[in-house]
1. Any idea what % of Cα-Cα pairs in the stretch 88-310 are farther than 28 Å?
2. Rounded to the nearest 0.05, what FRET efficiency do SER315 and LYS180 have when you use their Cβ-Cβ distance and R0 = 35 Å?
3. If I take every Cα pair under 8 Å that is 6 or more residues apart in the stretch 88-310, average their sequence separation and divide by the length, what percent do I get for the relative contact order?
4. If I model a spin label as a point 7 Å beyond the Cα along the Cα-Cβ vector, how far apart are those points for MET147 and TYR338 in nm?
5. Please report the net charge: other residues with Cβ closer than 15 Å to the Cβ of ALA132, K and R +1, D and E -1.
6. At a probe radius of 1.4 Å, what is the per-residue accessible area of SER271, in Å² to the nearest 10?
7. In the neighborhood of GLU181, defined by Cβ-to-Cβ distances under 12 Å, what is the net charge if each Lys or Arg adds +1 and each Asp or Glu adds -1?
8. Local charge sum around GLY253 (other residues, Cβ-Cβ under 11 Å, Lys/Arg +1, Asp/Glu -1)?
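The values are calculated or read from the model by the stated rules, or taken from the named source; none is laboratory data. From a predicted model like this one, the values you see are computed outputs, not experimental measurements. Don't worry about glycine lacking a Cβ; one is built from the backbone with ideal geometry, like all the others, and counts go over all protein chains shown. Side chains included, ligands, DNA and RNA excluded: accessible areas come from the protein's heavy atoms. Shrake-Rupley method; radii C 1.70, N 1.55, O 1.52, S 1.80 Å.
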Amino acid sequence: MPGNTIKVFGDKLESQALQKGCEEDIEKHCRRCIGKPTMRTLNKLRKYGIYVLFFMLLFAMVFQFSADLRQPAYPVFKMAETNGTNRMIIVVTPTYKRMTRIPDMLRMANTLSHVKDLHWIVVEDGNRTIPAVEEILKRTNLPYTYMAHKTAVGYPRRGWYQRTMALKFIRSNTSQILGKEHKEGVVYFGDDDNSYDIRLFTEYIRNVKTLGIWAVGLVGGTVVEAPKVIDGKVNAFNVKWNPKRRFAVDMAGFAVNLKVVLNSDAVFGTSCKRGGGAPETCLLEDMGLEREDIEPFGHEKEKDREIFVWHTKTSTPNIAQAKKNANSTKPAPKPDTYGYFVEV
Ligand code: UGA
Ligand code: MN
(Lines give C-alpha, C1' and ligand atoms only; values in the text may rest on other atoms or scores of the structure.)
(Ligands and ions follow the chains in the order given, each with its own letter.)
Protein backbone atom coordinates (compact mmCIF):
# COMPACT_ATOMS: atom_id res chain seq x y z
CA MET A 1 0.00 0.00 0.00
CA PRO A 2 1.82 3.09 -1.21
CA GLY A 3 -0.10 5.48 1.01
CA ASN A 4 1.05 3.60 4.17
CA THR A 5 4.63 3.57 3.07
CA ILE A 6 4.64 7.32 2.74
CA LYS A 7 3.16 7.68 6.18
CA VAL A 8 5.68 5.27 7.71
CA PHE A 9 8.82 6.85 6.20
CA GLY A 10 7.79 10.51 6.25
CA ASP A 11 7.79 13.28 3.65
CA LYS A 12 11.51 13.52 3.04
CA LEU A 13 11.84 9.88 2.11
CA GLU A 14 8.79 10.15 -0.04
CA SER A 15 10.38 12.86 -2.18
CA GLN A 16 13.61 10.85 -2.33
CA ALA A 17 11.69 7.82 -3.52
CA LEU A 18 9.97 9.93 -6.13
CA GLN A 19 13.30 11.37 -7.30
CA LYS A 20 14.76 7.88 -7.50
CA GLY A 21 11.80 6.80 -9.57
CA CYS A 22 12.41 9.71 -11.87
CA GLU A 23 16.06 8.85 -12.25
CA GLU A 24 15.17 5.28 -12.98
CA ASP A 25 12.78 6.56 -15.62
CA ILE A 26 15.46 8.75 -17.12
CA GLU A 27 17.87 5.87 -17.04
CA LYS A 28 15.41 3.64 -18.83
CA HIS A 29 14.86 6.43 -21.31
CA CYS A 30 18.51 6.88 -21.81
CA ARG A 31 19.08 3.21 -22.25
CA ARG A 32 16.62 3.36 -25.08
CA CYS A 33 18.13 6.46 -26.61
CA ILE A 34 21.83 5.97 -26.07
CA GLY A 35 22.32 2.34 -25.18
CA LYS A 36 23.93 0.41 -22.28
CA PRO A 37 25.72 2.28 -19.38
CA THR A 38 29.17 1.37 -20.83
CA MET A 39 28.22 3.02 -24.09
CA ARG A 40 27.17 6.09 -22.14
CA THR A 41 30.51 6.31 -20.46
CA LEU A 42 32.18 5.99 -23.84
CA ASN A 43 30.09 8.76 -25.26
CA LYS A 44 30.91 10.98 -22.27
CA LEU A 45 34.56 10.20 -22.81
CA ARG A 46 34.25 11.06 -26.46
CA LYS A 47 32.76 14.41 -25.49
CA TYR A 48 35.23 15.32 -22.71
CA GLY A 49 38.18 13.58 -24.36
CA ILE A 50 38.37 16.40 -26.87
CA TYR A 51 38.85 18.88 -24.02
CA VAL A 52 41.41 16.62 -22.33
CA LEU A 53 43.36 16.28 -25.58
CA PHE A 54 43.20 20.00 -26.16
CA PHE A 55 44.62 20.76 -22.71
CA MET A 56 47.32 18.11 -23.06
CA LEU A 57 48.40 19.68 -26.36
CA LEU A 58 48.39 23.15 -24.81
CA PHE A 59 50.49 21.88 -21.89
CA ALA A 60 52.98 20.23 -24.24
CA MET A 61 53.28 23.43 -26.28
CA VAL A 62 53.84 25.61 -23.19
CA PHE A 63 56.38 23.09 -21.81
CA GLN A 64 58.28 22.96 -25.10
CA PHE A 65 58.31 26.74 -25.34
CA SER A 66 59.65 27.15 -21.82
CA ALA A 67 62.26 24.44 -22.53
CA ASP A 68 63.41 26.45 -25.54
CA LEU A 69 63.70 29.52 -23.33
CA ARG A 70 65.76 27.56 -20.81
CA GLN A 71 68.25 26.53 -23.56
CA PRO A 72 71.37 28.74 -23.67
CA ALA A 73 71.82 30.62 -26.94
CA TYR A 74 75.26 29.07 -27.52
CA PRO A 75 76.07 25.40 -28.19
CA VAL A 76 77.06 23.41 -25.12
CA PHE A 77 79.62 20.65 -25.56
CA LYS A 78 79.40 17.78 -23.17
CA MET A 79 82.68 16.94 -21.50
CA ALA A 80 83.91 13.96 -23.43
CA GLU A 81 83.88 10.73 -21.42
CA THR A 82 86.93 8.65 -20.75
CA ASN A 83 85.64 5.55 -22.54
CA GLY A 84 86.21 3.30 -19.56
CA THR A 85 89.98 3.77 -19.36
CA ASN A 86 91.55 6.46 -17.26
CA ARG A 87 94.88 6.85 -19.02
CA MET A 88 96.25 10.36 -18.76
CA ILE A 89 96.71 11.95 -22.17
CA ILE A 90 99.97 13.90 -22.38
CA VAL A 91 99.99 16.30 -25.32
CA VAL A 92 103.33 17.83 -26.32
CA THR A 93 103.16 21.06 -28.33
CA PRO A 94 106.17 23.05 -29.53
CA THR A 95 105.25 26.66 -30.28
CA TYR A 96 106.97 29.86 -31.40
CA LYS A 97 106.29 33.55 -31.90
CA ARG A 98 104.54 34.51 -35.12
CA MET A 99 101.55 36.63 -36.12
CA THR A 100 99.17 33.67 -36.24
CA ARG A 101 100.41 31.84 -33.12
CA ILE A 102 97.84 33.27 -30.66
CA PRO A 103 94.85 32.34 -32.87
CA ASP A 104 96.39 28.91 -33.60
CA MET A 105 96.95 28.22 -29.90
CA LEU A 106 93.49 29.53 -29.09
CA ARG A 107 91.85 27.04 -31.48
CA MET A 108 93.88 24.19 -30.07
CA ALA A 109 93.13 25.26 -26.46
CA ASN A 110 89.41 25.41 -27.19
CA THR A 111 89.54 21.85 -28.52
CA LEU A 112 91.64 20.39 -25.71
CA SER A 113 89.53 22.02 -23.00
CA HIS A 114 86.75 19.54 -23.83
CA VAL A 115 88.92 16.55 -22.96
CA LYS A 116 89.19 15.21 -19.43
CA ASP A 117 92.38 13.83 -17.89
CA LEU A 118 94.76 15.61 -20.22
CA HIS A 119 98.07 17.25 -19.33
CA TRP A 120 99.26 19.76 -21.91
CA ILE A 121 103.01 20.32 -22.20
CA VAL A 122 103.69 23.44 -24.24
CA VAL A 123 107.30 24.24 -25.09
CA GLU A 124 108.11 27.76 -26.21
CA ASP A 125 110.86 27.96 -28.83
CA GLY A 126 112.40 31.01 -27.21
CA ASN A 127 114.21 32.26 -24.14
CA ARG A 128 111.09 32.93 -22.08
CA THR A 129 107.46 32.00 -21.84
CA ILE A 130 104.86 34.45 -23.19
CA PRO A 131 102.14 35.71 -20.79
CA ALA A 132 99.43 35.77 -23.52
CA VAL A 133 100.10 32.09 -24.24
CA GLU A 134 100.07 31.25 -20.55
CA GLU A 135 96.67 32.98 -20.19
CA ILE A 136 95.26 30.76 -22.92
CA LEU A 137 96.61 27.68 -21.12
CA LYS A 138 95.16 28.81 -17.78
CA ARG A 139 91.71 29.33 -19.25
CA THR A 140 91.56 25.71 -20.48
CA ASN A 141 91.37 24.59 -16.82
CA LEU A 142 93.62 21.71 -17.82
CA PRO A 143 96.73 20.72 -15.91
CA TYR A 144 99.57 22.09 -18.02
CA THR A 145 103.31 22.70 -18.11
CA TYR A 146 104.60 25.70 -20.02
CA MET A 147 108.35 25.95 -20.41
CA ALA A 148 110.81 27.75 -22.68
CA HIS A 149 113.62 26.02 -24.57
CA LYS A 150 115.09 27.91 -27.48
CA THR A 151 116.16 25.62 -30.33
CA ALA A 152 119.77 24.59 -29.65
CA VAL A 153 122.47 25.01 -32.29
CA GLY A 154 122.45 22.16 -34.78
CA TYR A 155 118.74 21.34 -34.47
CA PRO A 156 116.30 22.22 -37.26
CA ARG A 157 113.84 24.93 -36.23
CA ARG A 158 110.82 22.68 -36.54
CA GLY A 159 109.95 21.76 -32.97
CA TRP A 160 112.38 18.84 -32.67
CA TYR A 161 114.40 20.29 -29.78
CA GLN A 162 111.24 21.31 -27.92
CA ARG A 163 109.80 17.78 -28.18
CA THR A 164 113.10 16.37 -26.94
CA MET A 165 112.95 18.62 -23.89
CA ALA A 166 109.35 17.56 -23.30
CA LEU A 167 110.30 13.85 -23.44
CA LYS A 168 113.02 14.48 -20.84
CA PHE A 169 110.52 16.40 -18.69
CA ILE A 170 108.00 13.54 -18.90
CA ARG A 171 110.64 10.99 -17.86
CA SER A 172 111.77 12.96 -14.84
CA ASN A 173 108.34 14.22 -13.67
CA THR A 174 106.13 11.21 -14.44
CA SER A 175 104.28 10.99 -11.12
CA GLN A 176 103.63 14.74 -11.05
CA ILE A 177 102.09 14.58 -14.53
CA LEU A 178 100.04 11.45 -13.86
CA GLY A 179 98.75 12.64 -10.50
CA LYS A 180 97.29 10.25 -7.92
CA GLU A 181 94.40 9.11 -10.07
CA HIS A 182 96.29 7.79 -13.08
CA LYS A 183 98.58 4.81 -13.38
CA GLU A 184 98.90 4.90 -17.16
CA GLY A 185 99.43 7.55 -19.78
CA VAL A 186 99.68 8.11 -23.54
CA VAL A 187 101.99 10.64 -25.19
CA TYR A 188 100.88 12.55 -28.28
CA PHE A 189 102.82 15.17 -30.25
CA GLY A 190 100.24 17.74 -31.26
CA ASP A 191 101.58 20.70 -33.21
CA ASP A 192 99.99 24.09 -32.58
CA ASP A 193 98.64 24.63 -36.12
CA ASN A 194 96.77 21.36 -36.85
CA SER A 195 92.98 20.92 -36.66
CA TYR A 196 91.86 18.35 -34.11
CA ASP A 197 88.58 16.51 -33.68
CA ILE A 198 87.82 16.04 -29.96
CA ARG A 199 87.26 12.34 -30.71
CA LEU A 200 90.95 12.00 -31.66
CA PHE A 201 91.67 12.26 -27.93
CA THR A 202 88.68 10.48 -26.45
CA GLU A 203 88.36 7.62 -28.92
CA TYR A 204 91.86 7.08 -30.30
CA ILE A 205 94.65 8.45 -28.11
CA ARG A 206 93.08 7.44 -24.77
CA ASN A 207 92.92 3.82 -25.98
CA VAL A 208 96.52 3.42 -27.15
CA LYS A 209 98.12 0.42 -25.45
CA THR A 210 101.47 0.54 -27.27
CA LEU A 211 101.50 2.47 -30.57
CA GLY A 212 98.32 3.86 -32.11
CA ILE A 213 98.31 5.03 -35.73
CA TRP A 214 95.50 6.74 -37.71
CA ALA A 215 94.82 8.82 -40.79
CA VAL A 216 95.96 12.44 -41.15
CA GLY A 217 94.30 14.77 -43.66
CA LEU A 218 96.08 17.21 -46.02
CA VAL A 219 99.62 15.99 -45.43
CA GLY A 220 102.63 14.58 -47.26
CA GLY A 221 101.68 16.21 -50.57
CA THR A 222 98.36 14.41 -50.69
CA VAL A 223 94.82 14.62 -49.29
CA VAL A 224 95.17 11.86 -46.73
CA GLU A 225 97.87 9.56 -45.38
CA ALA A 226 96.74 6.45 -43.55
CA PRO A 227 97.97 3.04 -42.40
CA LYS A 228 97.01 0.21 -44.75
CA VAL A 229 95.05 -2.21 -42.60
CA ILE A 230 94.66 -5.87 -43.60
CA ASP A 231 93.04 -8.26 -41.11
CA GLY A 232 93.59 -5.71 -38.38
CA LYS A 233 97.35 -5.59 -39.03
CA VAL A 234 99.47 -2.82 -40.54
CA ASN A 235 102.31 -3.81 -42.83
CA ALA A 236 102.22 -0.90 -45.28
CA PHE A 237 101.01 2.68 -45.55
CA ASN A 238 98.75 4.48 -47.99
CA VAL A 239 101.10 7.43 -48.47
CA LYS A 240 102.66 9.16 -51.46
CA TRP A 241 105.89 10.35 -49.83
CA ASN A 242 108.48 7.75 -48.89
CA PRO A 243 106.19 4.73 -48.28
CA LYS A 244 109.19 2.48 -47.47
CA ARG A 245 109.63 4.06 -44.01
CA ARG A 246 109.05 1.56 -41.20
CA PHE A 247 106.53 4.07 -39.86
CA ALA A 248 105.30 6.24 -42.73
CA VAL A 249 103.27 8.55 -40.55
CA ASP A 250 103.14 12.26 -39.73
CA MET A 251 103.69 13.46 -36.18
CA ALA A 252 99.94 14.05 -35.86
CA GLY A 253 99.12 10.47 -36.87
CA PHE A 254 100.41 8.48 -33.90
CA ALA A 255 100.56 8.27 -30.11
CA VAL A 256 102.64 6.03 -27.86
CA ASN A 257 101.81 4.59 -24.48
CA LEU A 258 103.74 6.26 -21.65
CA LYS A 259 105.39 2.94 -20.74
CA VAL A 260 107.07 2.88 -24.19
CA VAL A 261 108.43 6.38 -23.54
CA LEU A 262 109.63 5.44 -20.05
CA ASN A 263 111.26 2.19 -21.24
CA SER A 264 113.51 4.02 -23.68
CA ASP A 265 115.63 7.15 -23.79
CA ALA A 266 114.75 7.95 -27.41
CA VAL A 267 114.57 11.65 -28.28
CA PHE A 268 114.55 13.77 -31.43
CA GLY A 269 118.16 14.19 -32.55
CA THR A 270 119.70 16.92 -34.70
CA SER A 271 118.99 14.87 -37.82
CA CYS A 272 117.27 11.71 -38.93
CA LYS A 273 119.17 9.64 -41.46
CA ARG A 274 116.49 7.03 -41.96
CA GLY A 275 113.21 7.61 -43.77
CA GLY A 276 114.34 10.56 -45.88
CA GLY A 277 114.84 12.78 -42.85
CA ALA A 278 111.38 12.41 -41.33
CA PRO A 279 111.65 12.53 -37.55
CA GLU A 280 108.66 10.28 -36.86
CA THR A 281 110.07 6.95 -38.04
CA CYS A 282 113.43 7.68 -36.37
CA LEU A 283 111.78 8.31 -32.99
CA LEU A 284 109.54 5.23 -33.15
CA GLU A 285 112.36 2.96 -34.35
CA ASP A 286 114.60 4.31 -31.58
CA MET A 287 111.85 3.42 -29.10
CA GLY A 288 112.30 -0.20 -30.19
CA LEU A 289 108.91 -0.42 -31.94
CA GLU A 290 108.08 -2.67 -34.90
CA ARG A 291 105.21 -2.60 -37.39
CA GLU A 292 103.60 -5.50 -35.47
CA ASP A 293 103.14 -3.12 -32.54
CA ILE A 294 100.82 -0.84 -34.52
CA GLU A 295 97.23 -0.56 -33.34
CA PRO A 296 95.31 1.03 -36.24
CA PHE A 297 92.36 3.33 -35.46
CA GLY A 298 89.46 4.54 -37.59
CA HIS A 299 89.73 2.03 -40.46
CA GLU A 300 86.72 -0.13 -39.56
CA LYS A 301 84.22 1.34 -42.02
CA GLU A 302 84.40 0.33 -45.71
CA LYS A 303 83.77 3.90 -46.89
CA ASP A 304 83.09 7.39 -45.49
CA ARG A 305 85.91 6.87 -43.02
CA GLU A 306 86.39 9.95 -40.88
CA ILE A 307 89.60 11.91 -40.43
CA PHE A 308 90.12 13.08 -36.86
CA VAL A 309 93.22 15.25 -37.42
CA TRP A 310 94.16 17.59 -40.26
CA HIS A 311 97.63 18.91 -41.01
CA THR A 312 96.46 22.47 -41.60
CA LYS A 313 98.70 25.52 -41.74
CA THR A 314 97.55 29.07 -41.02
CA SER A 315 98.94 31.36 -43.71
CA THR A 316 100.74 34.53 -42.65
CA PRO A 317 98.54 37.50 -43.51
CA ASN A 318 99.79 40.16 -45.90
CA ILE A 319 100.29 43.20 -43.76
CA ALA A 320 100.04 46.30 -45.97
CA GLN A 321 102.59 48.37 -44.06
CA ALA A 322 105.24 45.67 -44.08
CA LYS A 323 104.71 45.11 -47.82
CA LYS A 324 105.14 48.83 -48.66
CA ASN A 325 108.68 48.83 -47.34
CA ALA A 326 109.67 45.52 -48.92
CA ASN A 327 112.30 47.14 -51.22
CA SER A 328 113.71 49.39 -48.53
CA THR A 329 116.94 48.47 -46.78
CA LYS A 330 115.47 49.59 -43.45
CA PRO A 331 113.40 47.04 -41.55
CA ALA A 332 109.67 47.63 -42.04
CA PRO A 333 108.12 49.53 -39.15
CA LYS A 334 105.86 47.41 -36.99
CA PRO A 335 102.16 47.82 -37.76
CA ASP A 336 100.12 49.70 -35.17
CA THR A 337 98.22 47.33 -32.88
CA TYR A 338 96.28 50.14 -31.10
CA GLY A 339 97.24 48.76 -27.73
CA TYR A 340 96.09 45.21 -28.53
CA PHE A 341 98.43 42.27 -28.17
CA VAL A 342 99.52 40.89 -31.54
CA GLU A 343 102.80 39.03 -32.02
CA VAL A 344 104.24 41.14 -34.84
C1 UGA B 1 105.71 18.94 -40.25
C2 UGA B 1 105.19 17.92 -39.27
O3 UGA B 1 103.76 17.98 -39.19
C4 UGA B 1 105.83 18.19 -37.94
O5 UGA B 1 105.24 17.40 -36.96
C6 UGA B 1 107.30 17.93 -38.08
O7 UGA B 1 107.96 18.19 -36.89
C8 UGA B 1 107.85 18.83 -39.15
O9 UGA B 1 107.09 18.73 -40.35
C10 UGA B 1 109.30 18.50 -39.50
O11 UGA B 1 109.80 19.05 -40.43
O12 UGA B 1 109.92 17.67 -38.92
P13 UGA B 1 105.04 21.51 -40.42
O14 UGA B 1 103.58 21.71 -40.37
O15 UGA B 1 105.71 21.57 -41.73
O16 UGA B 1 105.41 20.18 -39.67
O17 UGA B 1 105.80 22.52 -39.43
P18 UGA B 1 105.25 23.51 -38.34
O19 UGA B 1 103.85 23.21 -37.97
O20 UGA B 1 105.59 24.88 -38.75
O21 UGA B 1 106.19 23.13 -37.09
C22 UGA B 1 105.98 21.98 -36.30
C23 UGA B 1 105.88 22.40 -34.82
O24 UGA B 1 107.10 22.98 -34.41
C25 UGA B 1 104.78 23.42 -34.55
O26 UGA B 1 104.12 23.14 -33.36
C27 UGA B 1 105.54 24.74 -34.45
O28 UGA B 1 104.94 25.67 -33.61
C29 UGA B 1 106.90 24.28 -33.92
N30 UGA B 1 108.00 25.16 -34.38
C31 UGA B 1 108.16 25.47 -35.68
C32 UGA B 1 108.87 25.68 -33.43
O33 UGA B 1 108.72 25.43 -32.23
N34 UGA B 1 109.87 26.53 -33.85
C35 UGA B 1 110.04 26.87 -35.15
O36 UGA B 1 110.98 27.65 -35.45
C37 UGA B 1 109.17 26.33 -36.09
MN1 MN C 1 102.25 22.37 -38.93
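1. Working: 6101 of 24753 pairs.
Of the Cα pairs, 25 percent sit more than 28 Å apart.
2. Given R0 = 35 Å and the Cβ-Cβ separation, E is 0.20.
3. Computed value for the stretch 88-310: 22 percent relative contact order.
4. 4.0
5. Charge balance near ALA132 sits at +1.
6. 60
7. Counting the neighbours of GLU181, the net charge comes to +2.
8. Taking every other residue near GLY253 into account, the sum is -3.
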